[in-house]
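Read the structure below first, then the notes.
Each reported figure results from applying straightforward, stated rules to the coordinates on display, with no laboratory input. All figures in this text were calculated on a predicted structure; none of them were measured in a lab. FYI the Cβ positions are ideal-geometry reconstructions off the backbone, even for glycines, and counts take in every protein chain you see.
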Amino acid sequence: MDWKKIKKILIIALLIANAVLFIYINYNNIRLGNESSRMDFSKEVEGLLEEKDIKIDTNIPRKVEKLPSLLVSLETSTEEDINERYFNGNGKIVRPSTDLAEISRGDEYINLVNNRRIFYENRIKENKYKITNLEDAQEIAKKFLLDKKYDNRDTYLSYYAIDGDKYILNYTKIYENIPVESSYTNFVIDNRGVLSMDRLWLNVLDESEQKIYLPPAPRLLLSLIDNNDYYNKTIEKITTCFYFNPEDQGYIEDITRAVRGRAIPAWKVKFSDGEYTVLYNY
């Protein structure tokens, strides 16, 4: 028996099988995408959502999207890094537990959770600014980030609200003009300046060479019907995003304990009240 010949035949057979499987998967994705992206199907989805008082005040994307996945890592700092960045090394550091560091100086207080999530609070009493509009508040936020030596070129304002004299600004990371969820830097600002900041940020290390077909947006929107948290809401925007949240995706209990992982292509559904959800199904 010619084992070399048999081995060669088996290798060729496996290569052919892999090629057929690859073609089938991609064909199936495209077929499902084409079926789910029809105008009449989108209208049917819109009608089903309205039955649950989920209104759509935007166009449902019907184009079949194809994006890479991203290798991402959570921005990490030690308490010494934070002390230097915020207080020039002159703050007081306390470690009440292994996963929490408290750094403070004067009226400013910082909680650093698992060296990744930063809660900043300023209890200052006197006014330092005269804020008359959203742009003024954004300038204060940008200056704060620059003063603390953060790069703000990869941020965009994803949500804002005005509550009396307070401005609530939520920033999200972007990569190639696409949001990277769940990363955020959220501010509360008034005439005293930055009252608080909550930051959990992602850094993009690499992107995959192979691109992934997103499940069609109309098909994934149907999943909202089974969740009454979304009833009586209005969808104002549906966009592609990269999504990394191991806590939500079910393989870690606390996202601040994650180090790195893959951010996958997904659909970000934003509601008129500022809330959003991310839809994916692979």
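Quick check on packing: order 62-69, 213-220, 171-178 by the mean number of other C-beta atoms within 10 Å, highest mean leading. It would help to have the intermediate numbers written out before the result.
Numbers: 62-69: 16.2, 213-220: 22.0, 171-178: 18.0.
Ranking, from highest mean packing down: 213-220, 171-178, 62-69.
How high is the relative contact order of region 167-208, given as a whole-number percent (alpha carbon pairs under 8 Å, six or more residues apart)? Walk me through the numbers on the way to the answer.
Numbers: 63 pairs, mean separation 14.2, N = 42.
Computed value for region 167-208: 34 percent relative contact order.
If a paramagnetic tag sat 7 Å from the Cα of Asn177 along the Cα-Cβ line, which residues of region 138-153 would have the backbone N under 20 Å from that point?
152-153, by backbone N distance to the label point.
What lysines sit close enough to Lys270 to cross-link, taking a C-alpha to C-alpha distance under 21 Å and skipping anything fewer than 8 places away on the same chain?
List returned: Lys43, Lys52, Lys55, Lys63, Lys66, Lys173, Lys233, Lys237.
Which of the three applies to region 73-204, rounded, prolate or oblate, going by the alpha-carbon gyration tensor with a ≥ b ≥ c and a/c under 1.5 meaning rounded? Let's see the in-between values first.
Values: a/c = 1.97, a/b = 1.12, b/c = 1.75.
In terms of gyration-tensor shape, oblate.
Fewest Cβ neighbours within 10 Å first, please rank Arg105, Arg117 accordingly.
Fewest-to-most Cβ neighbours within 10 Å comes out as Arg105, Arg117.
What order do you get for Ile56, Ile82 when you list them from fewest to most C-beta neighbours inside 10 Å?
Least crowded to most crowded, the residues run Ile56, Ile82.
Report the full-extension gain for the segment Asp57 to Leu222: residue separation times 0.36 nm, less the Cα-Cα distance, to one decimal in nm. Display every interim value, and only then the final one.
Details: separation 165, 0.36 × 165 = 59.40 nm, distance 1.61 nm.
Difference between extended and current length: 57.8 nm.
Just want to confirm a number: the relative contact order over region 73-204, from Cα pairs under 8 angstrom separated by 6+ residues, in percent. Show your work: numbers first, answer last.
Numbers: 253 pairs, mean separation 30.9, N = 132.
With pairs under 8 Å counted, the relative contact order is 23 percent.
Just to verify a number: FRET efficiency for Asn232 and Tyr159, C-beta to C-beta distance, R0 = 22 Å, to 0.05? Before the final figure, lay out each step's value.
Values: r = 19 Å, r/R0 = 0.87.
Efficiency computed from Cβ-Cβ geometry: 0.70.
Between Asp40 and Arg260, what is the label-to-label distance in nm when each label sits 7 Å out along the Cα-to-Cβ direction?
If labels sit at Asp40 and Arg260, their model points lie 4.9 nm apart.
Just grab the label-to-label distance for Gln210 and Leu195, each label 7 Å out from Cα along the Cβ direction, in nm (one decimal).
According to this spin-label approximation, the distance is 5.0 nm.
How do 136-148, 156-168 rank on mean C-beta neighbours within 10 Å, highest first?
Working: 136-148: 16.5, 156-168: 13.8.
Top to bottom by mean Cβ count within 10 Å: 136-148, 156-168.
Give me the distance between the Cα centres of region 204-269 and region 156-171, rounded to whole Å.
23 Å
Setting aside same-chain residues fewer than 8 positions from Lys125, which lysines have a Cα under 19 Å from its Cα?
Once the sequence-local lysines are set aside, what remains near Lys125 is Lys166.
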